[in-house]
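Asker: Before anything else, here's the structure in question.
Values quoted throughout were computed directly from the atomic coordinates according to the rules given, and no laboratory measurement underlies them. Every value quoted in this text rests on a predicted model; they were computed, and no experiment measured them. Don't worry about glycine lacking a Cβ; one is built from the backbone with ideal geometry, like all the others, and counts go over all protein chains shown.
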Amino acid sequence: MKKVERINIIMRYINNRSHFTISEIMQEFSISRSTAIRDIREVEAMGMPLVAEVGRDGGYFVMHNSVLPDIHFTDNEVKALFIAFMATRNQQLPFLTSRQSLAEKLLGLISENQQDDLVLLNQILLFEGTNPNNPDLLDLSDLPHPMLEKLIQLLLLDRCLLITINEEKIIKSYSIYLLHLYREKGFWLIEGFDVKEEKKQIFHVDNLVDVKLYPTNNRLSKKKIIEKLSKQEEVINFILELGPKAIAQFKKYHPLKVSISYTNPYQATAILKTFININNPEELTEMTNWLLFLGEDINVKKMPVEVLEGLQTRLSLFCP
């Protein structure tokens with residue numbers, strides 16, 4: 001870690017604590033005692049009001065009502081923030097309406113030269129989903145489902161939720177423990193543990209009618225839920241070996257629950273192990289399409305017969 005980067009992180013570390021010692025700084029940042037002392041002196045020189053306490057470990061505390069000095073970004077840090085910001089454009093992300101104010105604040109923090117660089121990047125770089133004729137276009141279709149932000153606000157308070165779903169014009173309510181909230185194939189999805197059925201389920205945020213916190217009485221603890229899920233672990237029934245071309249395709253797109261382990265130091269070969277629910281026609285179709293997407297640079301070590309039959313059916317359409 002570079003010195004400038006370390007100093008900035010130490011400042012954030014110190015500001016979040018009422019008291020700290022040199023030993024804690026040494027351990028947290030894996031630096032020597034002399035380096036820790038020099039870094040603390042630099043932090044003081046930058047304006048952070050520290051008060052030293054007498055003691056073996058050299059204790060310090062931050063004066064109350066103090067304000068951190070201004071944050072200064074390097075050129076590369078500014079570009080990294082801005083490019084990440086551009087890449088999320090038109091992605092149906094929550095809190096998208098704050099995009100303009102965020103951009104204005106970011107531009108207000110940097111120099112005119114840095115602003116010129118960002119303007120040029122904005123003209124040249126295009127990302128998937130961006131309209132090249134109007135890269136700043138934000139249609140109503142780009143906005144996320146109106147319940148998404150409410151869902152995020154609630155899950156930050158508690159992951160035990162009562163959700164109401166409209167499933168083919170039938171309103172149903174589920175008491176869930178939210179495991180993950182993720183976006184796949186352009187849709188926001190909730191992966192949750194159904195408390196009543198005691199199993200993992202996937203719900204579409206687009207079908208969400210209402211969400212509220214689940215009552216505290218009669219709820220399962222997080223530990224109990226994890227125990228129940230561990231007992232339901234799926235047995236691996238699908239194993240592939242991937243070559244470099246297949247790995248490149250994997251990086252472009254892969255189902256959320258699928259991951260690979262590299263089998264050589266150069267990351268040129270990998271192995272994939274997962275479970276396919278053969279009783280779920282939608283999942284079987286998805287895996288069949290995805291295998292064709294990976295291409296020929298794969299070696300099948302284990303595969304359910306149903307997936308193989310699906311592949312043969314698809315290939316027969318092209319080679320009757």
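Asker: Which value, in nm² and rounded to one decimal, describes the direction-averaged projected area of the C-alpha convex hull of the stretch 3-62?
Answerer: Projected area, direction-averaged: 3.6 nm².
Asker: Rounded, prolate or oblate: which fits the stretch 206-259, taking a ≥ b ≥ c as square roots of the Cα gyration tensor eigenvalues, rounded meaning a/c under 1.5, else prolate when a/b beats b/c?
Answerer: Details: a/c = 4.31, a/b = 1.87, b/c = 2.30.
Note, shape of the stretch 206-259 comes out oblate.
Asker: Still on this structure, please answer the following. To the nearest whole percent, what portion of all C-alpha pairs in the chain is separated by more than 25 angstrom? Intermediate results must be reported in sequence, preceding the final value.
Answerer: Details: 36017 of 51040 pairs.
Here the tail beyond 25 Å accounts for 71 percent of pairs.
Asker: Averaged over every viewing direction, what's the projected area of the C-alpha convex hull for the stretch 202-300? Give it in nm², one decimal, please. All intermediate terms of the calculation are to be shown ahead of the outcome.
Answerer: Working: hull surface 37.8 nm².
So the mean shadow area of the Cα hull is 9.4 nm².
Asker: Which ordering of HIS145, HIS204 is given by a fewest-first count of other beta-carbon atoms within 10 Å?
Answerer: With the fewest neighbours first, HIS145, HIS204 line up as HIS204, HIS145.
Asker: Can you sort GLU184, GLU241, GLU104 from fewest to most other Cβ atoms within 10 Å of each residue's own Cβ?
Answerer: Ascending number of Cβ neighbours within 10 Å: GLU104, GLU184, GLU241.
Asker: Also, quick follow-up: Run lengths n ≥ 4 of DSSP H only: what is the helix-derived mean residue ellipticity at 222 nm for the chain, with -39500 (n - 2.57) per run over all residues, to the nearest 500?
Answerer: Taken over the chain, the calculation gives -12000 deg cm²/dmol.
Asker: Then there is this: Let's see if you can work this out: charge +1 on each Lys and Arg Cβ, -1 on each Asp and Glu Cβ, no other charges. What is the dipole magnitude of the chain about its Cα centre, in debye to the nearest 20?
Answerer: Values: 37 positive and 41 negative charges, 204 e Å.
In debye, rounded to 20, the chain gives about 980.
Asker: Here is a further query. Which peptide among 296-303, 246-253 comes first, and what is the full order, when sorted by highest mean count of other Cβ atoms within 10 Å?
Answerer: Order by mean packing, descending: 246-253, 296-303.
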